[in-house]
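These notes are about the structure you will find just below.
The values are calculated or read from the model by the stated rules, or taken from the named source; none is laboratory data. Values in this document were obtained by computation on a predicted structure and should not be read as measured data. Cβ sites come from the backbone with ideal geometry, for glycine too, and all protein chains shown count toward neighbours. All accessible areas refer to the heavy atoms of the entire protein, side chains included, with ligands and DNA or RNA removed. Shrake-Rupley method; radii C 1.70, N 1.55, O 1.52, S 1.80 Å.
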Amino acid sequence: MVQHSRSLNPSVTEIPADKILGFQASIQSVPDMVYLTLGEPGFDAPNVVKEATVQGIRANHSHYGNSQGNPELRQAVIDYLADRYRLTTYKDPNQVVITAGVSEAMYAIFKTVLSSGDGILVPDPAYGSYFSSIALADGKALPIDTSLSGFKLTPEAIHKAVKAASVPVKAVLFNYPNNPTGVTYSYEELSALAQAFEEEQLWVISDEIYSELTYGKAHFSIGQLIPDQTLVVNGLSKSHAMTGYRVGFILAPQVVADQLKKVHASLIYSIPTFVYDGALAALKMQKEELNDMIKSYEARRNMAVDALKEAGFHVLSPDGAFYLFAKLPVDIKEDGWTFAEKLAKEGHVGVIPGEAFSQFEGAKDYIRISYAGDQEQLKEGLERISDYIEKRRAN
Ligand code: PLP
């Protein structure tokens with residue numbers, strides 16, 4: 001008789017829970033907190049988006065739709081990216097898949113591209129969920145430490161990592177503007193990276209979810225340079241303050257898109273069909289309509305950088321996204337995890353330990369602060385951080 005055992009899939013049970021979520025839960029019970037933790041925009045979805053979504057519901061867009069996203073929406077994605085970033089290399093709506101946020105896009109891509117045990121380079125620090133998602137797809141994340149190169153990936157680091165890998169390296173997962181550092185890349189830097197990606201024959205998975213949120217620097221998509229090997233991933237969560245709508249999109253070489261569609265269909269079939277209407281309205285908004293929001297993020301960034309520097313943190317003023325990766329003041333002799341826990345309990349401010357984004361020792365000295373949320377809360381949070389540091393210095 002075959003022994004029945006109630007075991008669960010070790011690929012799932014052995015992945016650590018998302019470190020960010022775990023930390024958030026642990027500080028949830030502290031009263032009177034200011035949270036500078038999540039990448040949740042402090043804005044509501046634009047009115048035109050709300051109206052279009054409600055219209056979609058009224059028009060009974062409540063049935064199964066086109067799994068890949070309706071053709072009009074996929075064409076709108078192509079037009080939007082061409083208009084905003086002059087990304088013109090993905091021309092056919094058949095190359096586009098509409099996903100439930102970038103989160104689903106990533107898992108579907110890893111399932112499509114990676115065979116069991118395949119390596120994928122991940123410039124580190126990185127968005128923590130990548131690591132769980134890669135593990136769930138049976139891939140092997142190969143982190144590259146970027147802390148000594150201004151948190152930027154370099155061609156040399158790519159070649160070195162491919163050479164050193166003990167498994168076949170299939171892909172690189174690239175995110176800019178970056179979570180958690182806010183770092184982004186110039187055209188020249190991207191060209192040099194594109195050449196290295198080409199030489200190493202890697203699939204390039206380019207998570208550009210923060211592309212709309214750049215301050216003074218225009219975003220350029222690497223998909224324009226090496227479209228035959230690049231999967232551009234983007235979405236509406238951050239750019240249009242639509243995190244709860246769950247809209248992401250992938251633009252891929254046709255051979256990849258054909259396979260991706262199958263994975264996406266078997267995962268969720270499609271996102272809600274009335275959300276297609278809201279997403280279409282968002283994509284048709286003019287860049288100028290988002291200007292106030294972007295200006296406001298820039299002002300928040302400046303305020304946060306100044307306040308943290310004043311308090312003794314080492315922090316760069318990044319060109320994009322809405323996070324600061326800040327190194328603890330030298331006289332605070334503890335790691336970011338301990339500091340973040342104490343800051344929450346004694347100073348009533350929530351920030352995320354740098355470790356949550358990194359597999360390397362160096363990140364232990366860092367915390368990540370999100371300046372995405374409400375401006376008044378940010379101001380209050382920064383004041384509390386300064387007071388807390390001052391109090392510690394006085395003791
Ligand atoms: N990619 C990065 C780099 C992120 O920072 C986030 C959210 O914080 C996501 C993806 C998730 O995006 P979505 O809401 O589209 O699933």
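Taken over region 108-130, residues that are open to solvent by 10 Å² or more (accessible area, probe 1.4 Å), more than 12 Å from the ligand (Cβ to nearest atom) and out of contact with any Leu (no Cβ under 9 Å at 6 or more places or on another chain) amount to 5.
Once region 200-218 is narrowed to residues that are under 13 Å from TYR185 (Cα atoms) and more than 16 Å from the ligand (Cβ to nearest atom), the residue that is modelled with the highest pLDDT is TYR215. Scan region 137-155 and tell me whether some residue there is open to solvent by 10 Å² or more (accessible area, probe 1.4 Å), under 16 Å from the mean Cα position of the chain (by Cα) and within 26 Å of LEU73 (Cα to Cα). No.
Selection of region 138-160 for residues being of a type in the set (A, V, I, L, M) and either within 14 Å of the ligand (Cβ to nearest atom) or at pLDDT below 95 (or both) yields only LEU148. Beta carbons closer than 7 Å, at least 6 apart along the sequence or on distinct chains, pair a first residue in region 5-25 that is in contact (Cβ under 8 Å) with a residue 24 or more places away in the chain with a second that is assigned to a loop (DSSP other than H, G, I, E, B) and open to solvent by less than 40 Å² (accessible area, probe 1.4 Å) for ASP18/GLY128; LYS19/GLY128; ILE20/GLY128; GLN24/THR37. Can you list residue pairs whose Cβ atoms sit under 8 Å apart, with the first residue in region 87-103 being farther than 15 Å from GLU208 by Cβ and aliphatic (A, V, I, L, M) and the second being open to solvent by 60 Å² or more (accessible area, probe 1.4 Å) and within 12 Å of the ligand (Cβ to nearest atom)? Count only pairs 6 or more apart in sequence or on different chains. Going by the 8 Å Cβ cut-off, the qualifying pairs are ALA100/ARG246.
Reported count of residues in region 80-93, each being under 17 Å from VAL233 (Cβ atoms) and either modelled with pLDDT of 95 or more or in a loop (DSSP other than H, G, I, E, B) (or both), is 7. Taking residues in region 219-242 that are basic (Lys, Arg), and partners anywhere that are within 15 Å of the ligand (Cβ to nearest atom), the pairs with Cβ atoms closer than 6 Å and at least 6 places apart or on different chains are LYS238/ILE209; LYS238/TYR210.
With the condition kept exactly as written, say whether any residue in region 329-347 is closer than 17 Å to PHE151 by Cα, in contact with an Asp or Glu (Cβ under 8 Å, 6 or more places away or on another chain) and open to solvent by less than 10 Å² (accessible area, probe 1.4 Å). No. Within region 72-100, being out of contact with any Phe, Trp or Tyr (no Cβ under 7 Å at 6 or more places or on another chain), more than 14 Å from LEU283 (Cα to Cα) and not hydrophobic (A, V, I, L, M, F, W, C) holds for ARG86, THR88, THR89, TYR90, LYS91, ASP92, PRO93, ASN94, GLN95. If the condition is being more than 16 Å from the ligand (Cβ to nearest atom), of a type outside the set (A, V, I, L, M, F, W, C) and not in a helix (DSSP H, G or I), then region 231-266 contributes only PRO253. Among the residues of region 371-395, those that are in contact with a helix residue (DSSP H, G or I) (Cβ under 9 Å, 6 or more places away or on another chain) and polar (S, T, N, Q) comprise GLN375, SER386. For region 368-395, filtered to residues that are among the basic types (Lys, Arg) and surrounded by 14 or more Cβ atoms within 10 Å (Cβ to Cβ), the residue that is farthest from TYR323 (Cα to Cα) is ARG392.
ALA321: within 24 Å of the chain's Cα centre (by Cα) and hydrophobic (A, V, I, L, M, F, W, C), yes or no? The answer is yes for ALA321. Of the candidates ALA105, ALA100, the single residue that is modelled with pLDDT of 95 or more, within 16 Å of the ligand (Cβ to nearest atom), open to solvent by less than 10 Å² (accessible area, probe 1.4 Å) and under 18 Å from LYS262 (Cα atoms) is ALA105. Applying the criterion of at least 3 residues that are within 16 Å of the ligand (Cβ to nearest atom) to the helices (runs of 4 or more DSSP H) found wholly in region 1-79 leaves 19-27.
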